[in-house]
Amino acid sequence: MQPNATAPELIRNFCIIAHIDHGKSTLADRMLQLTGVVQPRDMRAQYLDRMDIERERGITIKSQAVRMPWAVTGEDGTETPHALHMIDTPGHVDFTYEVSRSLAACEGAVLLVDAAQGIEAQTLANLYLAMENDLEIIPVLNKIDLPAAQPDKYAEELAHLVGGDPSDVLKVSGKTGEGVEALLDKIVATVPAPTGDADAPARAMIFDSVYDTYRGVVTYVRVVDGDLNPRERIVMMSTRAQHELLEIGVHSPDATPTKGLGVGEVGYLITGVKDVRQSKVGDTVTNAHKPADTALAGYDDPKPMVFSGLYPIDGSDYPALREALDKLKLNDAALNYEPETSVALGFGFRVGFLGLLHLEIVRERLEREFNLDLISTAPNVIYDVTMEDGEEVKVTNPSEFPTGKIGEVREPVVRATILTPSEFVGTVMGLCTDRRGQMQGMDYLSEDRVEIRYTLPLAEIVFDFFDQLKSRTRGYASLDYEPSGDQAADLVKVDILLQGDQVDAFSAIVHRDKAYDYGVLMTGKLKEIIPRQQFEVPVQAAIGARVIARETVRAMRKDVLAKCYGGDISRKRKLLEKQKEGKKRMKNIGSVEVPKDAFIAALSSDPSSGKDKKK
Ligand SMILES: Nc1nc2c(ncn2[C@@H]2O[C@H](COP(=O)(O)OP(=O)(O)OP(=O)(O)O)[C@@H](O)[C@H]2O)c(=O)[nH]1
């Protein structure tokens, strides 16, 4: 058996959890530098964020782990070298499943809060996740170099939140490096060393897997019991699939092969599989010749929550879109899609996402990395419809909404946490009530900051909720939410008809109380966008056969009398009669000619397709 590279008592596994932009990546960069794993000349901002999109948007999507050596000096002056494994976690709620897997690989968490901003909704959401995983929490205030920083005020807020004394809250600056060495020492001192049974059959948890063009799938694991060694055969416990370990190692920060990974160690495996779905986050890896009996944590497939139709603007790009989605899927096990056709938009795909940010990231990558021009339909959630005869239907696309006798429709709900300055409490509550929210509680974190908790239908959140929240609170409120089951609701499908023909791309499932508003909004919008035809075009919104709103695109009136000088009234009348006949014919035989551009305009002026929903 291969000896452990590092004894478990000298290992510390930790992660940094923070609200977006509170400086997690900058602090991680500084740690890499201080521990000497990245030389100053190689340093570039946000070393760990590999995808261009991550760097540009400044958000972390995929987690990664790095090993950093850090020696602490004891009271007698002797230095003890330790191995710190820093596991980077995605900070966003869409990726909660990945966050919680990453947290499960650690014993401690640095809770990082911007000293000029204070606690935000994501700070809380991630803190609760860390507490559920029994992690040792180290509260830290960052950006103390900022003139606007109020470290004393926020140290109190943080201490109040995690329990403890404000003087225990470390104050650092990821930018200048102040306080970061003390933080590394504190991690060694307070985060518990990993424990596990070195002689038991190997069990390692997969907390991330990434597709690499050159090396295939790189799987990140945390070894809990036993050890894994190169050339062994391993088994993925959820699928029982066997693979050979071609390479095993740690990132520091570049991949460095090792002779094996033992109890408590965090590193990577390469097995030659080509698809991240074969190496699932949350799964347990064991040894083929001495397999473990039980897997580690319960394995759960991440479920898509939000669906949208993606169509190429240029129809001939359809095969390219399929190819691009296939490529993205290699690295994104949560991405789901199937072909779909729309009368208005042609051939495309119905794509399932973890949430709105996931949707935006995928769309942006398709457009940027694969050069595709796309149009996406308004996002919708999954509905469970039970018919009166007991039949169950899952609806991921409004056009699939059944027409027969419906018994019950259930929609997904989320538990939302909103943090806002107290002056905006009224307007935030107004917004939540308007979106069919039910208040669950409210707490003052300090004199002027309030945490408000609501359960809300997910469908109401995917529709411009975040933009509304930001504009009503001048950008000060923050939002986080997590799935919380489903509820029955009085939902109906509203169809939009052009001259009696349904335009599938605009059908929506909405609450009965809001059906009229939706109908008026969409018919009004289409009236403006659809070019005038030779004949009058009614634009209607309908629930089933019942029309609830109507607009009319007026006909063009060609001036048939232009060449008709003089006063022969009967000739004029004859021409006008002829024109009327012609129009009737057009109306009868012709269909509305709507350029695709008009649909695109109508869909993209939709508020929910607003850019930059950073949370
Ligand atoms: N003045 C000052 N600015 C900082 C400090 N740390 C980070 N910043 C700035 O704050 C912004 C956000 O920092 P990031 O490190 O990208 O934040 P992040 O938390 O990693 O963001 P996500 O990856 O989106 O979660 C950047 O513009 C940084 O330059 C600090 O200690 N002092």
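Among TYR268, TYR444, the order of accessible area from largest down is TYR444, TYR268, computed with a 1.4 Å probe on protein heavy atoms.
Report, in debye and to the nearest 20, how large the dipole of region 118-241 comes out about its Cα centre when Lys and Arg carry +1 and Asp and Glu carry -1 on their Cβ.
Values: 11 positive and 20 negative charges, 128 e Å.
Here region 118-241 has a charge dipole of around 620 debye.
Put a plus charge on the Cβ of each Lys and Arg, a minus charge on the Cβ of each Asp and Glu, and nothing anywhere else: the dipole of region 504-556 about its Cα centre is then about 80 debye.
Normalised per residue, the accessible area of region 114-154 is 40 Å², obtained with a 1.4 Å probe and no contribution from ligands, DNA or RNA.
Nothing charged except the Cβ atoms of Lys and Arg (+1) and of Asp and Glu (-1): what's the magnitude of the dipole of region 100-188 about its Cα centre? Round to the nearest 20 debye. The partial results should precede the final answer.
Details: 6 positive and 15 negative charges, 55 e Å.
Dipole size: approximately 260 debye.
So for GLU136, GLU460, GLU75, what's the accessible-area order with a 1.4 Å probe, most first?
On the way: GLU136 80, GLU460 20, GLU75 195 Å².
Result of the area sort, largest leading: GLU75, GLU136, GLU460.
Per residue of the chain, the DSSP helices (runs of n ≥ 4 H) give a summed -39500 (n - 2.57) that works out to -8000 deg cm²/dmol at 222 nm.
For the chain, the Kirkwood estimate of hydrodynamic radius, built from reciprocal distances between every pair of different alpha carbons, is 27.3 Å.
Considering only PHE465, GLY282, ASN371, the residue lying farthest towards the positive end of the dipole of the chain is ASN371, judged by Cα position with unit charges set on Cβ. Heavy-atom accessible area, probed at 1.4 angstrom with all protein chains present, ranks GLU79, GLU451 as GLU79, GLU451, highest first.
Among the protein heavy atoms of region 137-286, carbon and sulfur supply 50% of the accessible surface, probe 1.4 Å, non-protein parts ignored. Taken per residue, the accessible surface of region 303-371 reaches 40 Å², heavy atoms only and a 1.4 Å probe. Excluding ligands, DNA and RNA, the accessible surface per residue across region 159-246 is 43 Å² with a 1.4 Å probe.
Pairs of alpha-carbon atoms within less than 8 angstrom and 6+ residues apart define the contacts here; what relative contact order does the chain have, in percent? If you can, show how the numbers build up before the last one.
Details: 1327 pairs, mean separation 61.9, N = 615.
For the chain, the relative contact order is 10 percent.
Give the residues of region 248-290 whose amide nitrogen is closer than 12 Å to a point set 7 Å from the Cα of ASP212 in the direction of its Cβ. Under cut-off, by backbone N: 248-258, 268-272.
In region 496-524, whose amide N lies under 19 Å from the spot 7 Å out along Cα-to-Cβ of THR341? List them in ranges. Residues 501-507 fall inside that zone.
With a simple spin-label model that places each label point 7 Å from the Cα along the Cα-to-Cβ direction, the separation between ASP443 and LEU146 comes to 2.3 nm.
In the chain, a dipole from Cβ-located charges (positive for Lys and Arg, negative for Asp and Glu) runs towards its positive end, and of LEU245, TYR444, ALA601 it is ALA601 whose Cα lies farthest in that direction. For the set LYS24/LYS186; LYS274/LYS303; LYS274/LYS327; LYS470/LYS525, the pairs lying more than 20 angstrom apart at their alpha carbons are LYS274/LYS303; LYS470/LYS525.
The values are calculated or read from the model by the stated rules, or taken from the named source; none is laboratory data. All values reported here derive from a predicted model rather than from experimental measurement. Because the Cβ atoms are built from the backbone with ideal geometry, glycine has one as well, and the counts that use them run over all protein chains shown. Side chains included, ligands, DNA and RNA excluded: accessible areas come from the protein's heavy atoms. Shrake-Rupley method; radii C 1.70, N 1.55, O 1.52, S 1.80 Å.
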